[in-house]
1. Would you mind estimating how fast region 109-253 diffuses translationally, via Stokes-Einstein at 4 °C and 1.567 mPa s with the Kirkwood radius over Cα pairs, in µm²/s?
2. When you take every Cα atom in region 48-170, what is the radius of gyration, and what is Dmax, the widest Cα pair distance, in Å?
3. Given N residues in region 168-248, what is its alpha carbon radius of gyration divided by 2.2 N^0.38 Å?
4. Lys/Arg Cβ at +1, Asp/Glu Cβ at -1, dipole of the chain taken about the Cα centre: which of 178, 127, 201 is farthest positive-ward?
5. So what's the Cα pair-distance distribution over region 157-206, bin width 5 Å, in %?
6. Quick check: the distance between the Cα centres of region 119-147 and region 6-40, to the nearest angstrom?
7. With only Lys, Arg, Asp and Glu charged, each at its Cβ (+1 for the first two, -1 for the last two), find how big the charge dipole of the chain is about the Cα centre; round to the nearest 20 debye.
8. What does the helix-only formula give at 222 nm for the chain: each DSSP H stretch with n ≥ 4 adding -39500 (n - 2.57), the total divided by the residues, and the result rounded to the nearest 500 deg cm²/dmol?
Amino acid sequence: MSDVFSQGCHRVRLDWGPVGAATAGADVVVVVDVLSFSTAVTVAVGRGTRVIPSPWSDERARALAAEHDATLAVGRLEAARDGTVVAPSLSPAGLLVGPPVPRLVLPSPNGSSIAAAVTGAVVVGCLRNARAVASHVARALADGRSVAVVAAGERWRADGSLRPCLEDHLGAGAVLAHLRAAGHGDRFSPEATAAATLFDASRADLRRQLRECVSGRELTEAGFEDDVDVAAELDASTTVPVLVGGAFTDPPA
């Protein structure tokens with residue numbers, strides 16, 4: 001029965017959250033957490049920072065930062081004073097303009113948890129680097145490996161359970177749509193095909209979709225609408241963060 005849930009008869013799969021990532025059992029897992037982990041990682045790695053994911057934001061994250069001689073990201077509200085970015089955080093807009101650091105521990109309960117849940121190769125994908133990630137995983141497919149694109153989803157505050165969210169479905173769909181356009185659609189599971197089709201139907205209205213979805217409105221009402229706009233910039237980056245030795249980096253092509 002586990003084979004059925006893994007979509008294992010298809011080389012390209014789409015699933016949700018840490019359990020979905022582990023169940024998919026793919027050789028390569030693309031983690032998609034658009035607002036904001038995967039967008040933040042893509043921005044930071046693109047500026048030369050090695051990003052160490054942490055599922056925690058407590059003493060364990062501080063210990064991880066000390067172990068790697070790394071900067072620990074702070075909360076968005078702590079990161080800026082008087083209109084100036086003074087510390088790195090989960091804010092992609094802040095990471096674009098603030099001073100880059102050599103190593104950054106980035107707490108995230110969603111994207112980081114997925115990275116920790118799988119044993120295969122882990123890649124970060126988002127709207128900003130969707131085309132570049134599709135090209136990267138196309139090479140894995142050519143080598144005979146399987147690929148799972150995993151939408152991180154959010155968490156319900158009431159019980160911590162997975163809340164599927166539009167921005168991650170669109171981000172996963174963007175990677176898959178580029179992969180389908182490159183001729184790999186015959187390898188897709190129905191779930192992957194549906195995500196690619198959703199993205200193609202939304203592409204012309206992407207910025208508005210992100211701004212008006214639940215997560216986008218949550219960030220905007222908190223004063224972080226710039227993070228939503230940065231996340232909505234389709235194919236603005238060629239950076240493909242790959243998890244190597246516990247840190248995301250952009251290895252040479």
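The values are calculated or read from the model by the stated rules, or taken from the named source; none is laboratory data. These numbers were taken from a predicted model, which means no experiment stands behind them. Don't worry about glycine lacking a Cβ; one is built from the backbone with ideal geometry, like all the others, and counts go over all protein chains shown. Areas reflect the complete protein model, heavy atoms only, side chains present, ligands, DNA and RNA absent. Shrake-Rupley method; radii C 1.70, N 1.55, O 1.52, S 1.80 Å.
1. Estimated diffusion coefficient is 81 µm²/s.
2. 16.1, 52
3. Normalised by 2.2 N^0.38 Å, the Cα Rg of region 168-248 equals 1.24.
4. Positive-most Cα among the choices belongs to 178.
5. 5, 22, 28, 18, 11, 8, 5, 3, 0
6. So the two Cα centres are separated by 11 Å.
7. 400
8. -12000 deg cm²/dmol, from helical runs alone.
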